[in-house]
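Let me begin by presenting the structure, written as structure tokens, before commenting on it.
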Amino acid sequence: MNATSSDRASGRIVLLTTSHRVAPGLLSWPAWQALHAADRVLCADGTHPQLPYLREAGISVEETSPTAEELVDVCAGGRTVVVVATGEGEPALTDGLARLAGSGRFHMPDLELLPASYDLPGARLLDLVQVMDRIRVECPWSSQQTHKGLAKYGIEEAYELVEAIEDGDAYELREELGDVLLQVVFHARIAEEDTDSPYSIDDVAAGIVTKLIHRHPHVFGDETATTPEEVKAHWLRTKAIEKQRQSVTDGVPLGQPALALAAKLASRVRTAGLDVPLPQAEGIGYELLTLALRAELAGVDPEAALRAAARAYRDAIRGVEGAPTDV
């Protein structure tokens, strides 16, 4: 007599899924309950990272890969079978069970998908680190890259990110954020090979975490800030203590676009309460400097303002040409 007999209890199949991004053995309480209560626990992968921990907990795991029909037969009589899913999630088995259910010829057991461990926010960053590590080792191009060689790509990706923000394209923005993130992970992976002062992506993350906590005493400490201006004051005060700079111009990258550079210098001067007269000289450069400082004082980003004007000019040019402007 096979599973087509309707006079027997159908039983229960529990498909137990786990995340490879969570340490093996750290399972949810419902998962442990299901495992201990099961009549049989099956796993197709004898090297599954969870198996040693399950067996240490006294759970007998059979290394087998039954077909959908065989699994239905195993459940006959009201038995519960837990299938510890492999990384792919057992698509062949679930597809087979779906076909059996659709045929109407089988008295199907109850089917349950039970996530035994969940990814925490940011877990996919672990995948990125692993992929980058393999690419660095196996890719002929990536394995030869240096910090200096990648510098131009960092600049390009940053500009593409700004363009996506200005275009208001959410999908494009997400993609460009990924490209910028890749630059960070790539540089950190290269740094691991530095013989003098190596560091990893974990060191990079730890550094920025420490900095953020220290510069937000109103969030992580006893300070109080109720306005953006107070937050900025906290930030500048703690930053000044950290850097111990000799000049307000220290740390201002001179390689940034000229209008942004002028505005940044003006911001540092204004924040420090300095009275610095503008250089007295003739020429368009000094006129642009005056405009940049005036914009900064008015709370306008001169770089963004000029970019917006330039984009409008670009559209006007394409209009005269008869070319579409939504590019």
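Observations on the structure shown:
- Length-normalised contact order of region 127-257 in % [C-alpha pairs under 8 Å, at least 6 apart]: 15
- When you work out D = kT/(6 pi eta Rh) for the chain at 20 °C and 1.002 mPa s, using the Kirkwood radius from C-alpha pairs as Rh and the Stokes-Einstein form, the result is 81 µm²/s.
- When nucleic acids and ligands are ignored and a 1.4 Å probe is applied, HIS214 ends up with an accessible area of around 90 Å².
- Radius 12 Å from Cβ of LEU51, net charge of other residues (Lys, Arg +1; Asp, Glu -1): -3
- Ranked from largest to smallest solvent-accessible area, with a 1.4 Å probe on the protein heavy atoms, GLU138, GLU157, GLU175, GLU88 come out as GLU88, GLU138, GLU175, GLU157.
- Student exercise, region 83-236 dipole from Lys, Arg, Asp, Glu Cβ charges, in Debye to nearest 20: 400
- Local charge for ALA188 was computed over the other residues whose Cβ lies under 9 Å away, with Lys and Arg +1 and Asp and Glu -1, and equals -2.
- Those residues of region 91-118 whose amide nitrogen sits under 16 Å from the label point placed on GLU70, 7 Å along Cα→Cβ: 91-97
- Exposure of ARG245 as accessible area (Å², to 10), given a probe of 1.4 Å and all protein chains: 90
- With R₀ set to 22 Å, the beta-carbon distance separating SER197 from ARG134 gives a calculated FRET efficiency near 0.35.
- Area accessible to solvent at ILE208, 1.4 Å probe radius, in Å²: 80
- Ellipticity at 222 nm from helices only: DSSP H runs of n ≥ 4 in the chain, each -39500 (n - 2.57), divided by the residue count, give -17500 deg cm²/dmol.
- For region 164-222, radius of gyration divided by Kirkwood radius, i.e. Rg to Rh on alpha-carbons: 1.15
- This model, with +1 at the C-beta of Lys and Arg and -1 at the C-beta of Asp and Glu, gives the chain a dipole about its Cα centre of some 640 debye.
- In terms of its Cα atoms, region 73-136 spans 52, 20, 17 Å along the principal axes, sorted from long to short.
- Modelled label reach - ALA92, point 7 Å along Cα→Cβ, region 33-68 residues with backbone N closer than 19 Å: 42-49, 62-68
- Kirkwood-based shape ratio for region 214-307, expressed as Rg/Rh from alpha carbons: 1.03
- Rounded, prolate or oblate (a/c below 1.5 giving rounded, otherwise prolate when a/b exceeds b/c) for region 49-160 by Cα gyration tensor: prolate
- Most positive-pole-ward Cα, TYR199, GLY11, ALA44, against dipole of the chain from beta carbon charges: TYR199
- For the chain, the longest principal axis of the C-alpha atoms and the axis of helix 258-272 are separated by about 80°.
- Sequence-distant residues sharing a close amide H with ASP301 (under 5 Å, placed H): none
- Mean accessible surface per residue for region 180-319, computed with a 1.4 Å probe while every protein chain stays in place, in Å²: 68
The values are calculated or read from the model by the stated rules, or taken from the named source; none is laboratory data. Everything quoted here is computed from the prediction, not taken from an experiment. Quick reminder, even Gly has a Cβ in these numbers, built from the backbone with ideal geometry, and neighbours come from all protein chains shown. For accessibility, only protein heavy atoms count, side chains too; no ligands or nucleic acids. Shrake-Rupley method; radii C 1.70, N 1.55, O 1.52, S 1.80 Å.
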